Structure formats: structure tokens, C-alpha cells
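Contents: one structure, followed by commentary.
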Amino acid sequence: MTYLWRVNLVKLGLKLWSINLNYIYEAKKLYDEGLYYYIELYSVPGSYEEYSHHWKKLKIPFFIHAPHFGSGLNFSFPEMFENNKKLVLEAIKFADLLDARKIIFHPGVNGKIEETIKQINKLFDPRMVIENKPYRGNGENLFSLGSTPDEIKKIKSETGVSFCLDFGHAICSANALGIDYVKLIKEFLYLKPVMFHLSDGNFKGIFDSHLNFGKGTFPLKEIVTFIPENAFLTIETEKNYKDTLKDFVSDVNYLHSILRECF
């Protein structure tokens, strides 16, 4: 079956981790069929030497997602700088090898936004993109930086990085902060995101869940109307099988039906 996603409506991305060699054959097959436009590859710490050359062989466009708080990168604390530097440099190596357009980062957790800005400036790469986060992290007493347009604007203006708008994160932040989600998304859009993340989730919740499309209660038909034509859009949903990407295919088809209905 041949799909037309690479030329119609949006440029879809498949989210994988650098250690996911179990998906590599099918990822190539689905790309060749036109199901998606690029891979957004999460740079698992310490994986470059063993895994990077496998991805290079695919000859697919890449974006890199740097390690986040759960993997040890937190820009918001000065004592974490040396470890952060190590993880950032490995993500940059992935980006260099795979000729990645962008490298996506999270702002940090529980620390100071001024420290985040300071560290990004020290480690700056022109491909850097900052992603908005839910106000509450998925853990006890975790509070994310970059949950509001004002914080993202401050990071952008003081570092020169670009911006990735995650719609699910915006909804979670809106709920936690008591803000209308449409108002919040429109404020984020004013910051000119260069790419987007989309998943399903609990429309009334404050915690991120990355559910497959149709498994949650997000108003996806309304959300897709905020996505610019020809935008880079990574599908950030769960992978429920170890040996197949059929849930990703289902998500693409679900999104396809929504976009066709809305546009």
C-alpha cells in the first residue's frame, strides 16, 4: 500500500528510541511506502557507539530528541551541567551522523529557568528546539519548566532556540493552571513553533499519558485545526508491540480520517 503523507497536509514523524532496532526493518518499509516523512529518534544515553550506524543505513530524514529528565538531563540545576553536557554532546553526535534537521530538548524540572537559559547558551547548537511541558511531571513533586508561553518565550528570546509545540502537554498545563486550553494553544502558536507533537490523553487530566489516538478524550478534531499546512508533526503515541509498528499505522490512519474530515 502506498500512502501520500509526505506530500499532503502534514509531514508525519515516527517517534522511536535509538535502541529500538526491533522496529528498524518495519520503519524502513513504512517509510518507503510513504506512511511517514521522518523519524524523531530519542537519544538514549550511552547508545551512540553501538546503535547509531544502524540508523544511518536507513537513509531516512531524522530529527533527534535529546534525553530528558527521566534519562538524566536537567538544564535547570547548575550541579547537573557536566552530565548535561555529556548527554547534549551525544545527541549532537547523533544529529551530525544522521544529518538531523533539529534536536529537541526539555527545559528542565524543579529548578530555575535562568539556569536553563545559562546552560543552553553554553551548549548552544543552531538546531536546538525547546519543547513545552506539562506543568506537573509524571512523578511526586515534579514541576516542569516551559509549561507556559511566557516561559517558552523567555527561553527562546534569551537563547535563540526554536520551539516545538506539544499539544498534549499544553492541554495538561491548561488543566493544571486553570486556563482554557484553546487560549493557551493560541498563545503558544504566537511563538511560531517549527514542529509539533500529538498524542491522545485525558482531556481533563494534568498528567501526560501519550495514548494512541481514539484511546483518550482529547478533542483531536479541534486540535488538528491548529496545525499549519505542511508542518512537521511527530506522532508521540504508545508502542504496544515489540515486533511490529501496527499501532503506529493505526494512529496514522486515524489521524488521516480526521484530517480528511476537517479539511
* **Given charges at beta-carbon only (K, R positive; D, E negative), |dipole| of the stretch 10-262 in Debye** => 340 debye
* Assuming R0 = 22 Å, can you tell me the calculated FRET efficiency for the pair Phe143 and Lys183, based on Cβ-Cβ distance, to the nearest 0.05? => 0.55
* So what's the gap between the Cα centers of the stretch 42-92 and the stretch 151-187, to the nearest angstrom? -> 23 Å
* Structure fact -> Cβ-Cβ cut-off under 13 Å around Asn212, Lys and Arg +1, Asp and Glu -1: the net charge is -1
* Asked: Applying the Karplus parametrisation 6.51 cos²θ - 1.76 cosθ + 1.60 with θ = phi - 60° to the phi angles of the stretch 100-109, what ³J(HN,Hα) value in whole Hz is obtained for each residue in order, glycine and proline being reported as x?
  -> 6, 6, 9, 10, 9, 10, 9, x, x, 9
* Structure fact -> Pseudo-spin-label distance Asp150 to Lys28, built 7 Å along Cα→Cβ, given in nm, is 5.1 nm
* Quick one: which residues, 5 or more positions from Ser76 or on another chain, have an amide H under 5 Å from its amide H? H modelled 1.01 Å from N in the peptide plane, none for Pro or chain starts. => Val109
* To do: Go ahead and estimate [θ] at 222 nm for the chain from helices alone: -39,500 (n - 2.57) per DSSP H run with n ≥ 4, summed, over the residue count, rounded to 500.
  => -11000 deg cm²/dmol
* Structure fact -> Rounded to the nearest 5, the percent of DSSP beta bridges in the stretch 10-262 running antiparallel is 10 percent
* Positive end of the charge dipole of the stretch 62-165 (Lys, Arg +1 and Asp, Glu -1 on Cβ, about the Cα centre): tell me which of Ile64, Asn141, Gln119 has its Cα farthest that way. => Ile64
* Structure fact -> For the stretch 109-175, inverting the pair-averaged 1/r of distinct alpha-carbon atoms gives a Kirkwood value in Å of 12.2 Å
* Asked: Where a Cα-Cα gap under 16 Å defines reach, which lysines qualify for Lys215, not counting those fewer than 8 residues away within the same chain?
  -> Lys204, Lys239, Lys246
* Would you kindly derive the ³J(HN,Hα) couplings of the stretch 22-33 from the backbone phi angles with the Karplus curve 6.51 cos²θ - 1.76 cosθ + 1.60 (θ = phi - 60°), listing them in order in whole Hz, with x for Gly and Pro? => 5, 9, 5, 5, 5, 4, 5, 4, 5, 5, 4, 7
* To do: Quick one: which residues, 5+ away or cross-chain, put their amide H under 5 Å from the amide H of Val10? H built at 1.01 Å from N.
  => Asn230
* Asked: Remind me, relative contact order of the stretch 10-262 in percent, using alpha carbon pairs under 8 angstrom and six or more residues apart?
  -> 17 percent
* **Proximal aspartates and glutamates relative to Lys102, as straight alpha-carbon distance under 13 Å, when same-chain residues fewer than 8 apart are discounted** => Glu40, Asp125, Glu131
* Determine the shape class of the chain: with a ≥ b ≥ c the square roots of the Cα gyration tensor eigenvalues, call it rounded for a/c under 1.5, and otherwise prolate if a/b is greater than b/c, oblate otherwise. => oblate
* Proximal aspartates and glutamates to Lys122, defined as alpha-carbon separation beneath 18 angstrom and excluding residues fewer than eight positions away on the same chain -> Glu79, Glu82, Glu90, Glu114, Glu158
* Structure fact -> Surpassing 23 Å at the alpha-carbon level, of the pairs Lys56/Lys86; Lys118/Lys183; Lys154/Lys183; Lys112/Lys156, are Lys118/Lys183
* To do: Please work out the ratio of the alpha-carbon Rg of the stretch 1-94 to 2.2 N^0.38 Å and round it to two decimals.
  => 1.22
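Coordinate-derived values only; no laboratory data. All of these numbers come straight from a predicted model, not from anything done at the bench. In this analysis, Cβ positions are derived from the backbone assuming ideal geometry, glycine residues included, and neighbour counts consider all displayed protein chains.
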